[in-house]
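So the structure is just underneath, and the comments pick up after that.
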Amino acid sequence: MTRNFTWLICLIAVATVLFSFTDDTRQPDLKKSMQRGKVIYGNYCQTCHMQNGLGIEGVFPPLAKSDYLMADRKRAIRQVLYGASGKMVVNGKTYNGNMSPTGLNAKQTADVLNYITNSWGNKAKMFTVEEVKAAQKK
Ligand code: HEC
């Protein structure tokens, strides 16, 4: 009898954990980070990448459904911290522009990344300050 009860508790625990991964209303930390990130995006990114994340074709690459952004988390962190110049192919279009370093700190970088990788149809695991710090050039 006690054994059956233990199994039931285990089952509920496992189900709860699995469910929390699939339902992002259960990720209050991500929600809060995205809210801060949205403000940062408006101040630092929107002029080029636009409010809808679509950029301007051929000039400013899109962040919305960007294969380039979503492919490599470390590269995405470094893109935000340090900017980039030279050729890059985003969703099949070649860009050869220049984005300056943003000057954002690790927390702001994590927040803006959480906003852009979870908006406009994008979906990604939460970026943390620790992950950003680990990706910084030493
Ligand atoms: C002055 C315009 C400008 C601003 C402001 C700007 N970017 Fe960019 N961004 C660019 C350009 C241009 C490129 C492409 C660079 C290249 O061709 O090498 C780029 C590339 C990117 C990429 C990689 C390509 C892609 O579309 O996935 C990401 C991610 C990105 N920017 C995020 C941001 C974020 C986040 C901010 C704000 C913190 C920001 N950018 C601010 C112009 C800008």
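The values are calculated or read from the model by the stated rules, or taken from the named source; none is laboratory data. Here the structure is a predicted model, which means the values were calculated and not measured. Note that each Cβ is placed from the backbone with ideal geometry, even for glycine, and that neighbours are counted across all protein chains shown. Protein only, heavy atoms only, side chains kept; ligands, DNA and RNA dropped before computing areas. Shrake-Rupley method; radii C 1.70, N 1.55, O 1.52, S 1.80 Å.
Tell me, which residue of region 122-135 that is in a helix (DSSP H, G or I) and either open to solvent by less than 30 Å² (accessible area, probe 1.4 Å) or touching a strand residue (DSSP E or B) at 6+ places or on another chain (Cβ under 6 Å) (or both) is farthest from Gly42 (Cα to Cα)?
Step one: list which residues in region 122-135 are in a helix (DSSP H, G or I), which gives 129-135.
The next check asks that each one be either open to solvent by less than 30 Å² (accessible area, probe 1.4 Å) or touching a strand residue (DSSP E or B) at 6+ places or on another chain (Cβ under 6 Å) (or both); those that pass are 132, 135.
On the way: Val132: 21, Ala135: 24 Å.
Applying the filter and picking the extreme gives Ala135.
Looking only at region 74-93, how many residues end up being under 23 Å from Ala134 (Cα atoms), among the charged types (D, E, K, R) and without any contact (Cβ under 8 Å) to a residue 60 or more places away in the chain? Show your work before the answer.
Our first condition is that a residue be under 23 Å from Ala134 (Cα atoms); within region 74-93, this holds for 74-85.
Right, trim to among the charged types (D, E, K, R) and you get 74-75, 78.
Still in the running and without any contact (Cβ under 8 Å) to a residue 60 or more places away in the chain: 75, 78.
The total comes to 2.
State whether one or more residues within region 20-28 are assigned to a helix (DSSP H, G or I), within 17 Å of Ala124 (Cβ to Cβ), of a type in the set (Asp, Glu) and at pLDDT below 95.
yes
In region 43-121, which helices (runs of 4 or more DSSP H) lie fully inside it and hold 3 or more residues that are more than 9 Å from the ligand (Cβ to nearest atom) and open to solvent by 70 Å² or more (accessible area, probe 1.4 Å)? Quick ask: steps written out before the conclusion?
Working: elements: 46-49, 67-71, 73-82, 106-116.
Fully inside region 43-121 and qualifying: 73-82.
When the residues of region 24-34 are filtered to those that are farther than 16 Å from Asn105 by Cα and either touching a residue at least 60 places away in the same chain (Cβ under 8 Å) or of a type in the set (A, V, I, L, M, F, W, C) (or both), which remaining residue is surrounded by the most Cβ atoms within 10 Å (Cβ to Cβ)?
Let us first name the residues in region 24-34 that are farther than 16 Å from Asn105 by Cα, namely 24-32.
Now narrow it down to the ones that are either touching a residue at least 60 places away in the same chain (Cβ under 8 Å) or of a type in the set (A, V, I, L, M, F, W, C) (or both): 24, 27, 29-30.
Values: Asp24: 14, Gln27: 17, Asp29: 10, Leu30: 19.
My answer is Leu30.
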